[in-house]
Every structure is written in C-alpha cells, then in structure tokens.
Amino acid sequence: MHNKTLAELSAGLQAKTWSSVELTQHFLDRIKRLDPNYNSFITVTEDVALAQAKAADARLAAGETHPLCGVPIAHKDIFCTQGVKTTCGSKMLDNFISPYDATVVANFQAAGAVMLGKTNMDEFAMGSSNETSFFGPVKNPWATGCVPGGSSGGSAAAVAARLAPGATATDTGGSIRQPAALCGLTGLKPTYGRVSRWGMIAFASSLDQAGPMTRTAEDAALMLNTMASFDAKDSTNIDREVPDYTASLNDSLAGLTLGVPKEYFGEGLNPGTQAAVEAAIKQYEALGATIKPISLPHSHLAVPAYYVIAPAECSANLSRFDGVRYGHRCENPADLADLYKRSRSEAFGEEVQRRILVGTYCLSAGYYDAYYRKAQKVRRLIKQDFVDAFKEVDLVIGPTSPSPAFAFGAKGADPIAMYLEDIYTIATNLAGLPGMSLPCGLVDGKPVGLQLIGNYFEEARMLNAAHQYQQVTDFHQQAPADIA
Amino acid sequence: MAVDRSDIVKLGELARLQISEETIDEVTRRLGDVLALVDQLQAADTDAVKPMAHPFDAVQRLRADEVTEPNQRDAFQAIAPATEDGLYLVPKVID
C-alpha cells in the first residue's frame, strides 16, 4: 500500500479495497519500524490517527466521496494542532500544546484526512538542511549520510521513505521546493496568500506560505484543493475562488511557452544537475512547449534582500517567545530582564539567534534605511523582473537547487554557503509567486529537482505542466533503495 | 558595514539575548559575514523605487469592531509556565 500514490489510496478507499483504519495502521507500523533510520517525525499521533481513521471509515460507509477522506498524511510541526505538541523544531516550544488547530489542519480534518503525526523541521523553519532542529537532524532516505534539505526536511523524508503518502510543508525561501528536490518529490509553494497562515507559527510573515509535499503532481493538486481557502482570520490571505486543481492536469502543453532564465545556469550549478534540468527542458519541447531564453537581471540580489527581510520579520515574530505566557522558561530568574534573556538564550538555537541579531541590526536606528528599506526596494525590482518575464512566457523553468543532497556538516560551519542553497528559490518568495519542484533525474544516485515558477495564482498551469511531464517520465516513481 | 563586540553587546540587549563572553567573538565574525553578504544591496540603484512590503501591495483587511472570540483564558493559561488567579506570574520588577 505504501508504494501507492495518494490518488491511488483514495481510489482504494472509495472502492472499499481497504479501510482507512487498515491504511493508517499500515503507515503507523512503517513509521514505528523505519523512522528510527530517518528521524522524520517529532511526534507520532497514533491514538489520534486511529480515531480519525475510524471516523473516516464511518463517513466513507455513509457515502462520503471527498478524495482525502480516510487518507493518512503528516503535518509539519510548524502547524498548530489542538491537544498535540507543536514544537516548530525548537526547545522553546518543546512543552507547547496548542489550544487550537491551524486553518490548514482544520481544512484537512473537515475533509476527513487522518493525521499520522508531526514532522521534523529546521528550528523555526530556519535552515536548508534540517540540521538545526532541536530534535536532531533528519536523514535523507536516498543517502542517509546526506541531508534531506530544509526546513521541511521531515515532511520530505517521511514521504520519500513511504512513511506517509503526503505531508504539509512551508516555504519561506525554498523550504518546500529544496527538500522536495533533494528527496525526489513533488513540492509546491502556492502564491503568497493562497493558503491561510493562521495557526502556522510565523517566521517571516510576508514570505511564509504553506503547501503540499507529495510524490506526484496529481497528489499535490488533491492536497492543494483542500489547503487553499479564504480565511478571514488571516488578514494577508487573499479572497479568491479556489479552482479544482485536478481539472486541468490532462490539458495539452501545446502552445505553452517556458522561459529559461540565463541567471539560473551560471557559476555554482552542479554539472549533473544542469544536464538533468536541460534534458527536462528538451522533454518539454517534445511535449509541445516553446522554450524561450529570458533574463531575470536582479536575481543576484535575491539572497541579500532575503537575508535582510526574513531576519527583520523573524526578529519581530520571535519576540513573542519571552518565557512568560508559554514555552520554555529559565530556572530562578533574577528579574524580568533576566527571565527574557535567559529563557530565549537557553531555548533558541545558534541559527535562530543569529537571524534575530541580524534582523535587530537591520531594523535598528541608523540602519533601517540602509538595510530594511533598501531590501524592500530591491524586492520590488525582483518582482518586476518576473512581471516583465510573464509578459512573454507562461512559466519559468530551471533548477530548484544548485546541487543534489550534500553530506551532514558540509555547510554547517559556513552560514553563507548554506544560504546559497536557496539561490534559485528565494526570488519567488520575495515576489510572492507560486513555484514547484519535481524530480527530473539522479546524480550519483541522488535526486535532482526541476523548478517551475508560475504567474500569480497560476498553480493549475504549473500542476498541469508537472503532471504532463510525469506522464512521460518515471523519475517521480523511483524510490530510495533501502526503504523496504 | 562592519560590526564589533560593542555592537553585539548592544544588539543582545535589544534582542533580549544573552551572548556569553566565550561566544561573542564567533557571533561578531558570523554576523559580519552575513552583513557583508547583504551589503551587496548597496550597489543597486533604487532611487526611483517604492519599497515593497507585500507582493500585491495589499493593505491589512479590516473587520467590524465586534467581539467574535469567546473567553478562553483558562485554556490559554493552562500552558503557561506560572499563573495565579488568572494572571501570569513573572519575577518581581519593582521592590
């Protein structure tokens, strides 16, 4: 059962080939047996899962036809789940039991989906390797000496190791697409505001967006149908009708124009990754798409702009963790200032503290204009590059990540090298555009990701292009050798 | 722009983070590396560009000024490190 896609599992549930309880128990057993190899879960919610599966079976017996009813999935531990520990990968929230569900979680519950547990992640979603989690690093099922990518590395490893058929994830600078690329999965970051951020622990509020992590584009469409919604509780959420993302998956690609940015094929791109991406572009040509070279001239400023804006927003968002109302509190504080400082210093990891300090610096008197305001202006230039490109092309195509999965510790000592892992993904977050990654080859036995970037709210077009590619290739069907 | 130890001490105060004497040199160096990276922004000509805070230049949606949330103080305080009589307890601030 675990090698079937979410769509196939759903069809089996509807046909009564298996029950949700059987399906859920199967995945729970796999998690118990295999996850010690990967560390992809922080919390496994066995009792909740089996109760939800039982309820889903009752709904299915009563004629429920929602395609996610009874399907087990995992949630990134950044989403608040009522009555279940939500840590965000941090010691700060190791004791936090949320009193409410995130809207994304509630949407899946309303559809009858089953929650297997909460997946591991870089602390507060800050990282590109999943090495900064308080709960230990996640191992890449394709090569356990290598990272799964971050920050949604737990979701990626869980789906790649067939411990869950799909998982939720979030993307602030590439945290869905980069781990999807490194673990051979399909990961989609929707347009900013398409999915509610309510109950999703904030890192950088103008960049964070939730999306699905699955094995196929069809499964991503099924999950996005449920994740995307208008939510009055999130004031940045966009009130716009949610289309059926599965409806256009089979459309022909004839007439589609794909833009290839020259800036995404320069220095720093692994030759094997480049060859796989170029072969994929040729495949698109064979499917009827027109390929057009384009330029995104401010691409080189995306990483610098991001590392002002994201830390600035994180320093504000993480000020709520002060040891007073919830989360970690230090022992025997001398006074209130000592309580704040020691609680935060004891519970935040090195990377989180570094970003808070950078953000505090960029927002402080005397530096605000030189850094924060400047980065916001550059952000508009980056957006304008894409606006101009989309006048000529339907989708932008290129690599997701500069290289396949790297070994643990390879970049940990050099934050700048780690930051450059997201060099091709960050610009879409700054612009608020949707992007996705899908598998397009293997280099040294490790997966390579192909990135598609769409115009605003054109997730359906991206999913259509990804699905058509997956009809004529089998990279998405390949599995790590030793997942059993 | 370069940062030195005194900047880090000040930043630690502003950010409510305790930076130990053993790590301050390392923190200063790392922060300097990040600031060198973001200094690349200074080369961009942005004189005629408006800052962008939201990808759609959207403004916060307003709602009617009505109470819509029920009182859940007990639920919220159940996860607090220390409370008493419905109040959060913190160390004494004023003698």
How long are the three semi-axes of the equivalent ellipsoid for the range A:158-242, computed from the Cα gyration tensor as the root of 5 times each eigenvalue, in whole Å, largest first? 22, 14, 10
Using eta = 1.002 mPa s and T = 20 °C, Stokes-Einstein with Kirkwood Rh from Cα pairs puts D for the range A:1-154, in µm² s⁻¹, at 135 µm²/s
Considering every Cα-Cα pair within the range A:386-484, what fraction, in whole percent, is farther apart than 15 Å? 67 percent
How long are the three semi-axes of the equivalent ellipsoid for the range A:1-84, computed from the Cα gyration tensor as the root of 5 times each eigenvalue, in whole Å, largest first? 22, 15, 11
Using just the helices of the protein assembly as shown, give the 222 nm mean residue ellipticity in deg cm²/dmol: DSSP H runs with n ≥ 4 each add -39,500 (n - 2.57), and the total is spread over all residues, rounded to 500. -11000 deg cm²/dmol
Along each principal axis, Cα extent of the range A:235-348, largest first, Å: 69, 41, 24
Taking only the alpha carbons of the range A:162-316, what extent do you get along each of the three principal axes, in Å, biggest first? 45, 38, 33
Give the Cα extents of the range A:366-433 along the principal axes, in whole Å, largest first. 41, 40, 12
For the range A:1-123, the count of lysine pairs 8 or more apart or interchain whose alpha-carbon atoms are under 14 Å apart comes to 5
Mind listing which GluC sites (Glu not before Pro) in the range A:282-385 are in a DSSP loop and have 15 or fewer other Cβ atoms within 10 Å? A:Glu331
Where in chain A are the DSSP H helices whose C-alpha atoms run 24 Å or more along the long axis and whose mean Kyte hydropathy is at least -0.5? none
Contour minus end-to-end for A:Asn3 and A:Glu241, with contour as 0.36 nm per residue of separation and end-to-end as the Cα-Cα distance? 82.4 nm
Rg to Rh quotient for the range A:286-405, alpha carbon positions, Kirkwood Rh: 1.17
Between the range A:161-234 and the range A:83-120, how far is it from one alpha carbon centroid to the other, in angstrom? 15 Å
Taking only the Cα atoms of chain B, how large is their convex hull per residue, in Å³? 268 Å³
Over chain A, what is the mean sequence separation of C-alpha contacts under 8 Å (at least six apart), divided by residue count, expressed as relative contact order in percent? 18 percent
When N counts the residues of chain A, how does its alpha-carbon radius of gyration compare numerically with 2.2 N^0.38 Å, as a ratio? 0.91
Using only Cα atoms, tell me the angle between helix B:5-15 and the longest principal axis of chain B; keep it within 0 to 90° and round to the nearest 10. 30 degrees
Over the range A:310-372, what portion of Cα pair distances is larger than 16 Å, expressed as a whole percent? 48 percent
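No lab work stands behind these numbers, since they all come straight from the coordinates. In this text the structure is predicted, and so the values were computed from the model without any measurement. Note that we place each Cβ from the backbone using ideal geometry, even for glycine, and neighbour counts take in every protein chain shown.
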